[in-house]
Amino acid sequence: MAPRSQWRGTLSSCAAAVVTVLALAPVVDAQTSVNAVTKYEAETATITQGVVESNHTGHTGTGFVNYDNVAGSAVEFTAAAPQAGTATLKFRFANGTNVNRPMDISVNGTVVAQSVAFNGTGAWTTWQDVTVTAQFTAGANKVRASASTATGGPNLDYLEADVAAPPAGNDYEAEDATIAQGVVESNHAGFTGRGFVNYDNVIGSSVEWTVSGPGAVDLVLRYANGTAVNRPMDISVNGTAVSSGLAFDGTGAWTTWQTKTVKATLAAGPNKIKAAATTANGGPNVDKLSVRTADDEAPSAPPNLRSTGKTARTTSLAWDAASDNVGVSGYDVYQHGQFMKSVAGNVLATTVEGLQPDTAYDWTVLAKDAAGNVSQASDNVVVRTDPAPPDNEPPTVPGNLTSPGRTATTVDLAWIASTDNDKVAAYDIFTDGVRSGSADGTATSTTAAGLTTGEEYRFKIRARDAAGNVSGFSNEIAATPSQGGPSGVPNPGTVSTIASGVDVVWGVAFLPDGSALFSERNTFNIYRITEGGTKQLAGKISQAAGTNGEGGLLGLEVAPTFAQDHWLYVYHTTAGDNRIIRVKYENGQLVPSSYQVLLPGLARNRYHNGGRLRFGPDGKLYASVGDAQNKANAQNNNSPNGKILRINPDGSIPPDNPFGNAVWSKGHRNPQGLDFDSRGRLWAAEFGDSSQDEVNLITRGGNYGWPGCEGTGGDGCAGTILPKKTWPTSQASPSGLTIINDHVFVATTVGQRVYRMRIDANSNLVDQQTYFQSTYNRLRTVEVDRDGDIWLTTSTDKDGTDGNDRILHVDIQYSGGGGGDFKLTSSAFADNAMIPAKHTCAGDGTAGQDPSPPLAWGKHTDAKSYAIVFADRVNDGNKRHWIIWDIPPGTVSLPENLGAGFTVPSQGGAKQKAMGSGANSQKYFGPCPGGGTNPYTFTLYAVNVPTLSGVTSSSGLDVIQNAIIDGSGASTVLRGRSNAST
């Protein structure tokens, strides 16, 4: 809470006396203070490589700044703006030479005018003006005038800043609204109206305005926060949140006012707009709410993008101006979907620095307006940087190659790092004399995968630098893959080719007969293919369109009910949007007449289209959707972009979704891979921007931070959910994700490798292994088939050649046995099908003491006993119904209707415990959700001990399951659903 005035009682009384009058109509701000011109003397600004002097007449103030004669000498002003708007910046200067002394003008770190001419004025006592326009944010703005040549800048006298009034709109003062747990004060200058609202320091303190609709609007909140702590608020319209946990960060002082904008749609008539604090710090000081007609029209794509120059480390670009119904406020420069820099709307050229020599870069530019609308991408231009200066010095030889570990199909390698006069770019791995892969230049270990048990291999490595110089070979070692490690761990074995000559295979979905359907992103074709490589065209999605980037025909998913209804679910791009559709696949062909749009209107762009689909154990369809290269989408609850979505199979919205629409989680940049673990929890892989790629554990309504937070870094990470795993973007760009025995496999494009990580008991990703690095080029999709093996697709989409990709088969070997045959089944119901009523409370109309279903499984060779946990998984929960453990290792099935008792009759000493008390706790407790359809799982564990220690008949179900997990090496899941009620 801000410091309060001693006149609180008087001010509150005054506010109460006038509220009934002023609440009748909104106050229209005359903007008299906004349009005031403010002068900032150069001698009081921040000076870099310059001095204050007064030896030339005609200056104002106490002097002027004489720039040093070096590039980069600068003066930086701090200019205040009561609210965001277009600022006219006038620089007063003198240049007594006849040589132009150009300067770059930047605002808040973004160049708004490059190499602005400050020509000779005839004498050092002759002062002239140069004017530049730029966009200001509300509050303090850093305006920097930096010399761009070795002659330095001119003599600079002052800056005048004139901030234009914003578009006309209705202003609603906070002091006239309905206030809950807050007071009206006026002890901090700069507010409009009669005062502002100081929120009490409690969760739920709020201000609620009544405004008229209807229509799409921008809600602009003017506030001050004199602390360094974010004071987030939920913004709701008529009781529905339109922005949850919106950050109201410190503004530097209680007298420094800034604005936050939220897009919303108002209903006809009165609307309740509420800003409620979400933490015990309360909200900021709130001055007013401005309601403005929303601008939803995006600028046109910038035309005529071209290269105007390059070096080994830079590329210069230029383009023609985009158009907009209001005005272009800026341009964003991208390299293959990676944001590189922004320039102002009046800047049509820039230079990108920090590039790698002799490297091809794929450039596009997008225009944006002040309302946050973003254009489609410009046409792309590919520019290869110049070669680096000659470098003929190779790295040193890597030292002491060893093999610290191995499994049945892999060998771990480790070495002492090489050094180089520049840097080591990579290590090349040689197996039996042939290059088989690589490791990063910063690495000192890797794993050779796809090997054969019992066969000896010889390994050696050498270092390579960016100029292509290679070191001598390390020592050569011999290693033989052998059984070892924890049981049930999935290790990549032999790799074979299922199909070649395919083109950017994106989606892979398995049919009930074990064959698969796959999509080609750029041809829009869908094929059926068998593991043996027999391929048949199923049809083309004629409505699909590409984006000359990452859009096209993307994810596929086969309905859990496919055997009955033949629905295939598809995510694809069109000329105007991305969308989720379904179409029937019958008799080996798509049925075009069955094409059904389930969810249209997902914004598209050249990059950041997302596109994965995955059915969850709850029977809902989940989809990963990119931000369409518009960062603001990710935090907008009303936009489906930058989100993971959840819909019913018919496209309708589940009533338990957190925001009343298709959004399940938000704050994503470009999520792709999706899969569920043995506990029914959703994991997602996400492309980062310039620093960190991510794997996230997704929760209902979770905010994953983008754009304020990338990976674990950024100013906006507070209050968001941090990723479970990150990598540098140069080592990943994760696309596909699949989970086997709670081991997460991720296929990467830029990284050209597969990562494998184990989900531990604390839901962290540990024990990372790296496979196939630089062996098969860029990798797109990884899926586990019905035999427990992996299908892996390549994505050589950057080489300009069509039809040169492959679908690979990776034979997964399970340490200690327990491979693809270690599965749990029931003769009473299929995986993810409805559990028969007789095995639920509906059988006898009473909850508990139900007949258990028959269960059977494949033997796990390392199991000393087995255990089964039956649980309700609704809303990512873990409501345990029944657990049976200490099942003898020779047992591979349980009959229907197991008997009652802590020790299960006729089951070799197996124990059981169920929810409830008394007799209910000693017999199977079936589903009983009470009408709605809930997801359930039977999880079979291969336990490493014959008897669980420390577990008794009085132990809780959570204690029992944790003991099982701690003592198990492998697990497998049978899913079911039920809507039973008594």
Item to complete: Mind telling me which of the residues A189, A150 ends up being open to solvent by 30 Å² or more (accessible area, probe 1.4 Å), within 30 Å of K274 (Cα to Cα) and of a type in the set (G, A, S)?
Response: A189
Item to complete: Could you give me the residue pairs with C-beta distances under 6 Å whose first residue belongs to region 530-546 and is hydroxyl-bearing (S, T, Y), whose second residue is outside any strand (DSSP E or B) wherever it lies, and which are 6+ apart or on separate chains?
Response: T530/S515
Response to the item:
Counting only residues in region 582-606 that are assigned to a strand (DSSP E or B) and polar (S, T, N, Q), the one most open to solvent (accessible area, probe 1.4 Å) is identified as S593
Fill in: Selection from region 40-75 of residues that are assigned to a strand (DSSP E or B) and loosely packed, with under 15 Cβ neighbours inside 10 Å
T46, V51, E53
Discussion item. Can you confirm whether S243 is part of a strand (DSSP E or B) and surrounded by fewer than 20 Cβ atoms within 10 Å (Cβ to Cβ)?
Written reply: no
Response to the item:
Among the residues of region 349-398, the number that are under 24 Å from T308 (Cα atoms) and of a type in the set (D, E) is 5
Response to the item:
The strands (runs of 3 or more DSSP E) lying wholly within region 284-354 that contain at least 2 residues that are surrounded by fewer than 15 Cβ atoms within 10 Å (Cβ to Cβ) are 306-310
Practice prompt. Within region 112-141, count every residue that is open to solvent by 40 Å² or more (accessible area, probe 1.4 Å) and either in a strand (DSSP E or B) or of a type in the set (G, A, S) (or both).
Written response: 10
Fill in: Number of positions in region 752-765 that are modelled with pLDDT under 95 and either β-branched (V, I, T) or over 30 Å from I960 (Cβ atoms) (or both)
1
Worksheet item: Among (1) open to solvent by 30 Å² or more (accessible area, probe 1.4 Å); (2) closer than 24 Å to G551 by Cα, where does L722 come up short?
Response: (2)
Worksheet item: Say we look at region 383-401 and pick out the residues that are closer than 19 Å to D440 by Cα and in a strand (DSSP E or B); which of these is most open to solvent (accessible area, probe 1.4 Å)?
Response: N400
Practice prompt. Give the residue that is least open to solvent (accessible area, probe 1.4 Å), with candidates limited to residues of region 153-186 that are among the acidic types (D, E) and out of contact with any helix residue (DSSP H, G or I) (no Cβ under 8 Å at 6 or more places or on another chain).
Written response: D171
Worksheet entry | D767 vs. criteria open to solvent by 20 Å² or more (accessible area, probe 1.4 Å), assigned to a loop (DSSP other than H, G, I, E, B) and not assigned by the TED database to the domain that holds R435 | no
Worksheet item: Is it true that some residue in region 878-885 is of a type in the set (D, E, K, R), within 30 Å of P658 (Cβ to Cβ) and either in contact (Cβ under 8 Å) with a residue 40 or more places away in the chain or buried (at least 18 other Cβ atoms within 10 Å of the Cβ) (or both)?
Response: yes
Item to complete: Select, from T265, T256, T279, T261, the only residue that is β-branched (V, I, T), in contact (Cβ under 8 Å) with a residue 12 or more places away in the chain, touching a Leu at 6+ places or on another chain (Cβ under 8 Å) and assigned by the TED database to the domain that holds V229.
Response: T261
Worksheet entry | Subset of region 85-98 [under 30 Å from G193 (Cα atoms) and open to solvent by less than 50 Å² (accessible area, probe 1.4 Å)] | G85, A87, L89
Worksheet item: Applying the selection to region 193-202, what residues are surrounded by fewer than 23 Cβ atoms within 10 Å (Cβ to Cβ) and either farther than 23 Å from N271 by Cα or among the aromatic types (F, W, Y) (or both)?
Response: R194, D200, N201, V202
Discussion item. Against the conditions (1) in contact (Cβ under 8 Å) with a residue 24 or more places away in the chain; (2) within 23 Å of the chain's Cα centre (by Cα); (3) in a strand (DSSP E or B), where does R579 fall short? Just the number, please.
Written reply: (1)
Discussion item. Can you say whether D369 is open to solvent by less than 20 Å² (accessible area, probe 1.4 Å) and under 30 Å from S300 (Cβ atoms), as far as the supplied structure shows?
Written reply: yes
Worksheet entry | Check on A94, out of contact with any Lys or Arg (no Cβ under 9 Å at 6 or more places or on another chain) and at pLDDT 95 or above | yes
Response to the item:
Just one listed residue, out of V262, V229, is aliphatic (A, V, I, L, M) and either within 30 Å of T547 (Cβ to Cβ) or open to solvent by less than 30 Å² (accessible area, probe 1.4 Å) (or both), and it is V262
Response to the item:
Of all strands (runs of 3 or more DSSP E) fully inside region 900-982, the set with 3 or more residues that are closer than 23 Å to P889 by Cβ, open to solvent by less than 50 Å² (accessible area, probe 1.4 Å) and of a type in the set (S, T, N, Q) is 968-978
Worksheet entry | First in region 555-569 and open to solvent by 30 Å² or more (accessible area, probe 1.4 Å), second anywhere and aromatic (F, W, Y), Cβ under 7 Å, 6 or more apart | P560/F615; H566/Y585
Response to the item:
In region 812-842, anything assigned to a loop (DSSP other than H, G, I, E, B) and either in contact with an Asp or Glu (Cβ under 6 Å, 6 or more places away or on another chain) or modelled with pLDDT under 85 (or both) is listed as S815, G816, G817, G818, G819, G820, D821, F822, K823, A830, D831, N832
Response to the item:
Note on region 684-710: residues buried (at least 23 other Cβ atoms within 10 Å of the Cβ) and among the hydroxyl-bearing types (S, T, Y) are Y704
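The values are calculated or read from the model by the stated rules, or taken from the named source; none is laboratory data. The shown structure was predicted, so the numbers you read here are calculated from the model rather than taken from an experiment. Cβ sites come from the backbone with ideal geometry, for glycine too, and all protein chains shown count toward neighbours. Surface accessibility is based on the protein's heavy atoms, side chains included, excluding ligands, DNA and RNA. Shrake-Rupley method; radii C 1.70, N 1.55, O 1.52, S 1.80 Å.
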